[in-house]
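The values are calculated or read from the model by the stated rules, or taken from the named source; none is laboratory data. Quick caveat, the model's predicted, so the values are computed rather than measured. Using ideal geometry, Cβ is built from the backbone for each residue, glycine included, and neighbour counts are taken over all protein chains shown. Remember, those area values only see protein heavy atoms, side chains included, never the ligands or the DNA or RNA. Shrake-Rupley method; radii C 1.70, N 1.55, O 1.52, S 1.80 Å.
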Amino acid sequence: MGHKHHREHERERNRETIFGVNPVTEALKAGRRKFIRIIVKEGHRKGGPVQNVIEAAEQRHIKLDFVSMDEVARVAGAEGHQGIAAVVTPPPYVGLDELIKRCLASPLPTLAVLDSVMDPRNLGAIIRSAEAFGLSGVIFPSDRAAAYTPIAAKASAGAGERMNLCMVTNIAETIRRLRDEGFACVALEEDAPGDFTKAPDGPLAVVLGGEGTGVRPLVLKRCDYAAKIPMRGKIGSLNVSAAAAIGFYVAAQRG
């Protein structure tokens with residue numbers, strides 16, 4: 001009984017359910033996850049992106065289940081499933097050494113480093129912007145922070161299936177390592193004296209803090225400098241994912 005329970009636990013631990021048209025489609029295209037089965041709302045309209053998923057699943061001999069909308073919702077375990085979900089292996093993370101190697105080989109070597117971003121929706125939105133502006137990867141901590149969960153995957157519109165994602169144990173040490181490898185590490189902080197209107201040339205890491213807390217003092221100390229997004233409004237702050245998108249845009253204007 002014990003061995004059987006262990007095997008079942010392993011099976012559960014080594015799979016998760018992603019949901020929504022874009023995450024499932026992009027996971028199929030990227031080919032980095034193994035698909036156990038795909039669940040689709042019965043009676044779906046022919047044509048469109050769901051039909052493309054069905055055809056791709058049939059070509060690859062992935063198990064397809066046509067079920068009620070309620071059953072899709074139950075399997076997805078979240079809103080926004082759009083009538084489709086897939087049971088898959090967890091996302092593959094890239095080691096820091098490999099990420100640095102890939103980044104330095106890219107035309108515009110830029111990374112995002114996230115210090116204690118807690119909301120998976122913010123993480124997903126940041127990953128989506130990172131992919132849109134051509135960053136090489138997103139680094140985030142393994143503890144006390146959001147991971148690339150199915151909710152983050154949905155918020156990324158599937159961009160996380162293509163992005164190099166790197167989970168590390170210590171953000172401050174990671175920044176020290178990046179600086180040793182020649183990266184300029186710039187923290188985006190709303191009360192910093194300088195404006196982030198032009199990014200430095202060469203390898204760059206854009207460092208972002210958690211919601212409401214900003215970049216932690218030890219992490220900030222390890223960065224080359226801090227800069228703010230210049231704003232004219234009265235509110236004076238941006239959601240971390242909005243600040244990230246602007247920072248990544250500025251970084252992408254180099255060269």
Report task. Kindly flag which residue pairs out of 101/221; 41/154; 101/154; 34/154 have an alpha-carbon separation exceeding 20 Å in this structure. Result -> 101/221; 101/154
Query - the chain - percent relative contact order, Cα under 8 Å, separation 6 or more - result: 20
Query raised in the report: Can you give the % of DSSP beta bridges in the chain that are antiparallel, to the nearest 5?
Result: 25
Query raised in the report: the stretch 168-253: D in µm²/s via Stokes-Einstein (Kirkwood Rh, Cα pairs, 10 °C, 1.306 mPa s)?
Result: 121
Report task. Using a 1.4 Å probe and counting only protein heavy atoms, arrange 229, 18 so the residue with the most accessible area comes first. Result -> 229, 18
**Report entry** Proximal charge balance of residue 103 [Cβ under 13 Å; K/R count +1, D/E count -1]
**Finding:** 0
